[in-house]
Amino acid sequence: MTLRVRFAPSPTGHLHIGGARTALSNYLEARREGGAFVLRIEDTDPERSKKEHEEQILRDLAWLGLRWTEGPDVGGPFGPYRQSERYDRYRAVAMDLLARGLAYRCNATPEELDQMRAEQSAKGEDPRYDRRNRDKDLGPDCGPHAIRVKMPIEGLTVIDDLIKGRIEIRNELLDDLVILRTDGTPTYNFVVVVDDHDMGINLVARGDDHINNTPKQIHIYHALGAEVPRFAHLPMILGPDGSRLSKRHGHTSLGQYRDMGIVPEAMLNYLARLGWSHGDQEVFTEAELIEHFRLSDVGSSGARWDMDKLEWLNQTWIQSFASAELVERALPFLEAEGYVTAGLGARLPAIIGAFQKRSRTLVELAKQARFFFIDDAELSWDEAAVAKHLKPEAGALLSALADRLEAEPTWEEPALTAVVDALLAERGAKMGKLAQPVRVALTGQGVGPGVYEMLLGLGKEISVRRLRAGAARAT
Ligand code: GLU
């Protein structure tokens, strides 16, 4: 049997990192098994569902590198893949359950149900539907009514969860679930099962915030005469304090991490490693994750979000990129800072390359690169570094270096090294005497990239001009 899994986001907001992790877990299972990964949009809440959220969720998933085999944009044999386009089907299934005596009409009014619950509470009982209309066999003319499905009254429902293990629920605790509301709209637990069944889903992997729905859904499968899929409920992602990750801990949407310059390879790697490990390996390519990841190996308790670790992985991935690749990734971030990046030629890869080993995120890379792009007058000066490194003796060296570099026709590292080495040899000075003054003159700061990285990134004209200005400050 071919594995068929799905990711079923509700387009009511951004793609949460928990959702991204659920999607990834499903995707990896499908890829390993050569199965289908279905994307279904659960837009049954007309107030909160928005087309732009749907589009953004699809873009975010694609950014992460996930590809679905069936979905609202790519189609497939079991479409439509948007719940708002499947209402006729839900209605037909509800009518069929009604005709087969597995569901029934319930015309209890909201006031009546409120009173029922109030009486239960007064007696110290948990409020729940008391099955008052279950055996009345009400017909279509019973006034405004909902359709409820008959849940078993006795016995146990067992879930053999791939992650959580065996879970047992006493059936007497299950309410006769409304499947069609009085206004004719279907409810979540019902449509999910109809769709998962229609779409041939045989493994449902989702967040464990849905675990209370699963026993109800299992009985809807039974009512439909359908095979119950396997389930895997992924534990929630926790904040550093151990409570469920929320906005007060920091960013929670995938897009926020993209915007802060996390690369998708690092995000994919990090999300897969949440609550799952493979020996002591930390860095995984997508192919390695496809090979090694198993939902059944995910830990059953929540995994903590660790920003330091994500940034460490991000830095590792940034360091692994070839020059042209890194330029492509970094460009949008440089542009977001307002830098003009056109027409720089070989300077651009030199600028970006100067920070490849020094950046935890692409935003950090762009911010560090500021001195390459701004006018000399906008440089911010670390006065302590100026006082320490731009002394008269250094000024003379800087000015001699500026003259010689100006006369150097080739602006490439070997030629620049030769100029510097010759100057140092003549003056009997060591690189240590020159490097800091050059850095302060070119950047205004005492920390930054290597001397040649700075010279190559700035190009001849700016380098010579800043060295001379530095020399002037030093005298
Ligand atoms: N649409 C649901 C959600 O976004 C997911 C339902 C499911 O995976 O069964 O939480």
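The numbers here are math on the coordinates, done by the rules we state, and not lab data. This structure is a prediction, so every number in the text was calculated from the model and none was measured. Using ideal geometry, Cβ is built from the backbone for each residue, glycine included, and neighbour counts are taken over all protein chains shown.
For a protection proxy built on the mean count of beta-carbon atoms within 10 angstrom, sort 224-231, 39-46 highest first, please.
So the order, starting with the most tightly packed, is 39-46, 224-231.
What list do you get for Trp381, Trp312 if you sort them by fewest beta carbons within 10 Å?
In order of increasing Cβ crowding within 10 Å: Trp381, Trp312.
Determine, for each peptide in 415-427, 440-452, the mean count of other beta carbons within 10 angstrom over its residues, then list the peptides with the highest first.
440-452, 415-427
Quickly estimate the mean residue ellipticity at 222 nm for the chain, helices only: each DSSP H run with n ≥ 4 gives -39500 (n - 2.57), and the total goes over all residues, rounded to 500.
It lands at -14500 deg cm²/dmol.
Calculate, in whole percent, how much of the Cα-Cα pair population of the chain lies beyond 40 Å.
42 percent
In vacuum, with every alpha carbon of segment 278-425 counted as one equal point scatterer, what does the Debye formula give for log10 I(q)/I(0) at q = 0.12 Å⁻¹? Two decimals, please.
-0.76
Compute and list, largest first, the equivalent-ellipsoid semi-axes of segment 145-184 from the alpha carbon gyration tensor, each √(5λ) rounded to a whole angstrom.
One finds semi-axes of 27, 13, 5 Å for segment 145-184.
Using alpha carbons only, how many angstrom separate the centre of segment 28-43 from the centre of segment 271-336?
21 Å
On a C-alpha basis, how far is the centre of segment 435-475 from the centre of segment 65-86 in Å? Whole number, if you could?
Each part's Cα centre sits 56 Å from the other's.
Could you size up the charge dipole of segment 213-296 around its Cα centre, putting +1 on the beta carbon of Lys and Arg and -1 on that of Asp and Glu, and report it in debye to the nearest 20?
540 debye
Could you give me the percent of Cα pairs per 5 Å distance bin for segment 409-475, shortest bin first, beginning at zero and ending with the bin that holds the maximum distance?
All Cα pairs, binned at 5 Å, distribute as 3, 17, 27, 29, 20, 4, 0 percent.
Would you list Val204, Val149, Val158 from fewest to most Cβ contacts within 10 Å?
Val158, Val204, Val149
To check my understanding: the extent here is largest minus smallest coordinate of the Cα atoms along each principal axis. What are those three numbers for segment 192-261, in Å, largest first?
47, 25, 14
Positive end of the charge dipole of segment 210-311 (Lys, Arg +1 and Asp, Glu -1 on Cβ, about the Cα centre): tell me which of His292, Val263, Gly239 has its Cα farthest that way.
Gly239
Using +1 on the beta carbon of Lys and Arg, -1 on that of Asp and Glu, and nothing else charged, what's the dipole of the chain about the Cα centre, debye to 20?
With only Lys, Arg, Asp and Glu charged at Cβ, the dipole is about 680 debye.
Where nothing but the Cβ of Lys and Arg (+1) and of Asp and Glu (-1) is charged, how large is the charge dipole of segment 339-442 around its Cα centre, in debye to the nearest 20?
Result for segment 339-442 is approximately 500 debye, rounded to the nearest 20.
Figure the gain on full extension for Gln256 and Glu112 (residue separation times 0.36 nm, minus the Cα-Cα span) and round it to one decimal in nm.
47.2 nm
Counting just the Cα atoms, what span does segment 1-87 cover along each of its three principal axes? Round to the nearest Å and put the largest first.
Taking max minus min along each principal axis of the Cα atoms, segment 1-87 gives 38, 28, 17 Å.
Relative contact order, percent, of segment 347-475 when contacts are C-alpha pairs under 8 Å separated by at least 6 residues?
42 percent
If we sort 352-359, 20-27, 138-145 on the protection proxy, mean other Cβ atoms within 10 Å, highest first, what's the order?
Descending mean neighbour count gives 20-27, 352-359, 138-145.
When Tyr90, Tyr257 are ordered from fewest to most other Cβ atoms inside 10 Å of their Cβ, what list results?
Taking fewest neighbouring Cβ atoms as first place, the list is Tyr90, Tyr257.
In whole Hz, with x marking every Gly and Pro, tabulate ³J(HN,Hα) for segment 138-145 from phi via Karplus 6.51 cos²θ - 1.76 cosθ + 1.60, θ = phi - 60°.
These are the phi-based 3J(HN,Hα) values: 5, x, x, 8, 7, x, x, 8 Hz.
How many Å³ per residue does the convex hull of the Cα positions in segment 41-152 occupy?
187 Å³
Translational diffusion coefficient, Stokes-Einstein: compute it for segment 355-475 using the Kirkwood radius over C-alpha pairs as Rh, at 37 °C and 0.692 mPa s, and state it as an integer in µm² s⁻¹.
227 µm²/s
Which entries in the list Lys357/Lys388; Lys391/Lys430; Lys357/Lys460 go over 18 Å, if you measure between the two C-alpha atoms of each?
Pairs exceeding the cut-off: Lys357/Lys388; Lys357/Lys460.
Computed from the mean reciprocal separation of all distinct C-alpha pairs, what Kirkwood hydrodynamic radius does segment 365-426 have, in Å?
For segment 365-426, the Kirkwood estimate is 13.9 Å.
If you average the C-alpha positions of segment 371-426 and of segment 116-165 separately, how far apart do those two centres end up, in angstrom?
First find each Cα centre; the distance between them is then 80 Å.
Please state the Cα pair-distance histogram of segment 144-251 with 5 angstrom bins from zero: what percent is in each bin?
Pairs per bin, as whole percents: 2, 11, 19, 19, 18, 12, 9, 6, 3, 0.
Quick check: net charge around Asp135, other residues with Cβ under 14 Å of its Cβ, Lys/Arg +1 and Asp/Glu -1?
+4
Given Val93, Thr69, Cys106, which one lies farthest toward the positive end of the charge dipole of segment 18-143, if we put +1 on the Cβ of every Lys and Arg and -1 on the Cβ of every Asp and Glu?
Value: Thr69.
Over all directions, the average projected area of the alpha-carbon convex hull for segment 82-224 comes to how many nm²?
The orientation-averaged projected area of the Cα hull of segment 82-224 comes to 9.6 nm².
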